[in-house]
Amino acid sequence: MYSGKLIFSQVMDFMPLHTFRRCVARYDGNYKVTRFTCLDQYLSMAFAQITYRESLRDIEACLQAQNRKVFHMGIRGKVRKSTLADANEIRDWRIYSDLALCLITTARKLYSTEPFLGELNETVYALDATTIDLCLSMFPWANFRKHKGAIKLHTLLDLRGSIPTFIHISDGKLHEVNTLDIIPLEAGAFYVMDRGYLDFKRLYKITQATAFFVIRAKSNLKCRRVYSHPVELETGIICDQSVMLTGFYQAKDYPEKLRRVKYHDAETNKTLVFLTNNFTLPPLTIAKLYRCRWQVELFFKWIKQNLRIKTFYGTSENAVKTQIWIAVSVYVIVAIMKKQLNLKASLYTILQVLSVSAFERIELIQLLTETDYRINNTDFDNQLNLFK
């Protein structure tokens, strides 16, 4: 019988403790704290994410029911609803933001060799945002509309491994296009965006940074054709053109040539027009890059369904950001675990298994694979057989 660590503790072993302690020290997270440390707070919140707890009272009740195992989970302080609420209210959310960013760096290195569209060696990012509705009376800082509150989660997703590399949390009023001013630009990388990010002045900055973009064009785009490249119509590509913008402000904001690719998607029976500043990739690859943008939509859908970010444990801005960053860090820890253990199961399946096995004492690799570790019977048993 296995008598080692709990499943929850084995998962948390993939979180670098020395990195966490540096993050805590950077923001004096444990200043004048004697009982319920930042590590206790993080482990309690991570437990809530993995096991799908709905409230602080729910967290307290579940951990009290397993009070003999709480110490073995790494939690040294007593988990109380009020104590956890105060910690989420007071402890700086940047502690968990910095931890998540360190984990993201580790995950990106692990997934850097993942194949992506065969002929592409460059990094490909998808940029998008999702809105999380909130009650304005309970979250007065989350301005959105007159009688409605919301926050926006702006995410830059590395499509090789679906790892979020940049996350910005804002109120609901911040337009998506403004995030182009704050995202880090990497030379040679591709940035895939929907037409909501179409701002030629900002797109020109991407070109000046020697990076590439693929974006869907709007129907009222004004341009003139400079050159038409040969295309293979059977691939769905209708035209591949080099164009110059003719609108007064558009031409002023983006004075160089652009590539315009028109593509008919046979699956959805839709015709899409893309703009890009890359003139070397085949036109079909440009269309495939935009199709891969849906991975960020799936990421938002997945994280809303499987991590606790739609039901918040606190109402202050600090508590909400703390919960979101801990949720992201748990997502990345599971992604790191999946890669290091070479697990074939999806992240969804892994989280579902972990949610009902957090207090089990079994080897993690055995739990998440179909490997059977039964010991074969031998003729040399210590137990006597009375009827032999």
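The values are calculated or read from the model by the stated rules, or taken from the named source; none is laboratory data. Model, not experiment: these values are computed from the prediction. Don't worry about glycine lacking a Cβ; one is built from the backbone with ideal geometry, like all the others, and counts go over all protein chains shown.
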What helices (runs of 4 or more DSSP H) lie completely within the range 48-108 and have 2 or more residues being among the aliphatic types (A, V, I, L, M), in the same structural domain as Q323 (by TED's automatic domain parsing) and surrounded by 21 or more Cβ atoms within 10 Å (Cβ to Cβ)?
56-65, 81-90
G29 - would you say it is surrounded by 15 or more Cβ atoms within 10 Å (Cβ to Cβ), touching a residue at least 40 places away in the same chain (Cβ under 8 Å) and outside any helix (DSSP H, G or I)?
yes
Residue that is modelled with the lowest pLDDT, among those in the range 178-200 that are in contact with a Phe, Trp or Tyr (Cβ under 9 Å, 6 or more places away or on another chain) and over 14 Å from T276 (Cα atoms)
P184
So which residues in the range 257-287 are over 15 Å from C239 (Cα atoms), out of contact with any helix residue (DSSP H, G or I) (no Cβ under 8 Å at 6 or more places or on another chain) and in contact (Cβ under 8 Å) with a residue 12 or more places away in the chain, if there are any at all?
K257, A266
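So is R195 among the basic types (K, R), surrounded by fewer than 19 Cβ atoms within 10 Å (Cβ to Cβ) and touching a Gly at 6+ places or on another chain (Cβ under 8 Å) or not?
Numbers: among the basic types (K, R): yes; surrounded by fewer than 19 Cβ atoms within 10 Å (Cβ to Cβ): yes; touching a Gly at 6+ places or on another chain (Cβ under 8 Å): no.
Judged against the criteria, R195 is not a match.
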State which residue is surrounded by the most Cβ atoms within 10 Å (Cβ to Cβ) when the search covers only the range 179-189 and only residues that are assigned to a helix (DSSP H, G or I) and within 20 Å of the chain's Cα centre (by Cα).
T179
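Determine, yes or no, whether E122 is acidic (D, E) and under 16 Å from N318 (Cβ atoms). Working first, answer last.
Details: acidic (D, E): yes; under 16 Å from N318 (Cβ atoms): no.
Considered against the rule, which asks whether it is acidic (D, E) and under 16 Å from N318 (Cβ atoms), E122 comes out as no.
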Here is a list of conditions, (1) more than 27 Å from G4 (Cα to Cα); (2) without any contact (Cβ under 8 Å) to a residue 60 or more places away in the chain; (3) not acidic (D, E), and V328 meets all of them except one; can you say which number that is?
(2)
Out of all the residues in the range 302-312, is one or more in contact (Cβ under 8 Å) with a residue 24 or more places away in the chain, crowded, with 18+ Cβ neighbours inside 10 Å, of a type outside the set (S, T, Y) and in a helix (DSSP H, G or I)?
yes
Those residues of the range 235-281 that are within 21 Å of I206 (Cα to Cα) and under 29 Å from the mean Cα position of the chain (by Cα) come to a total of 7
Residue ID - nearest to I104 (Cα to Cα), chosen from residues in the range 145-162 that are in contact with a Leu (Cβ under 7 Å, 6 or more places away or on another chain) and in a strand (DSSP E or B)
L156
Can you pull out every residue in the range 1-26 that is assigned to a loop (DSSP other than H, G, I, E, B) and either of a type in the set (G, A, S) or in contact with a His (Cβ under 6 Å, 6 or more places away or on another chain) (or both)?
S3, G4, L6
From Y348, Y373, residue being at pLDDT below 90, aromatic (F, W, Y) and in a loop (DSSP other than H, G, I, E, B):
Y373
